Amino acid sequence: MITTLLLEIKVFLFIMAIFVIIASIMHVVSVFRLQYGKIVSSEKGLALFAASVAYIITMLICGF
């Protein structure tokens, strides 16, 4: 029961990290396309992006 819950939490976090990466890529594309705005607007956004990339790489290397 607990192992199933942990697996579901890992999968949820993995999917959320992928969504953060996709949103960041879409933001960068819109900045280049419209030539308006900043790519990195805050340290919080950069930290969230870095944590998401690190989590995705860790999950891909170690597996679920």
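The long axis of helix 43-62 is offset from the longest Cα principal axis of the chain by roughly 40 degrees.
Over region 2-62, what is the relative contact order in percent, taking alpha-carbon pairs closer than 8 angstrom and at least six residues apart? Walk me through the numbers before you get to the answer.
On the way: 23 pairs, mean separation 26.5, N = 61.
Computed value for region 2-62: 43 percent relative contact order.
Once the Cα atoms of helix 2-34 and of the chain are each reduced to a long axis, what angle between those two axes, in degrees from 0 to 90 to the nearest 10, is obtained? Value to nearest ten degrees: 10.
Which order results if 58, 4 are arranged by neighbouring Cβ count within 10 Å, fewest first?
4, 58
Multiplying the sequence separation of residue 60 and residue 21 by 0.36 nm and subtracting their Cα-Cα distance, what value in nm do you get? Taking residue 60 through residue 21 to full extension adds about 12.6 nm, to one decimal.
Only the coordinates and a few stated rules stand behind these numbers; no lab work does. In this text, all values refer to a predicted model and were calculated from it rather than measured experimentally. Cβ sites come from the backbone with ideal geometry, for glycine too, and all protein chains shown count toward neighbours.
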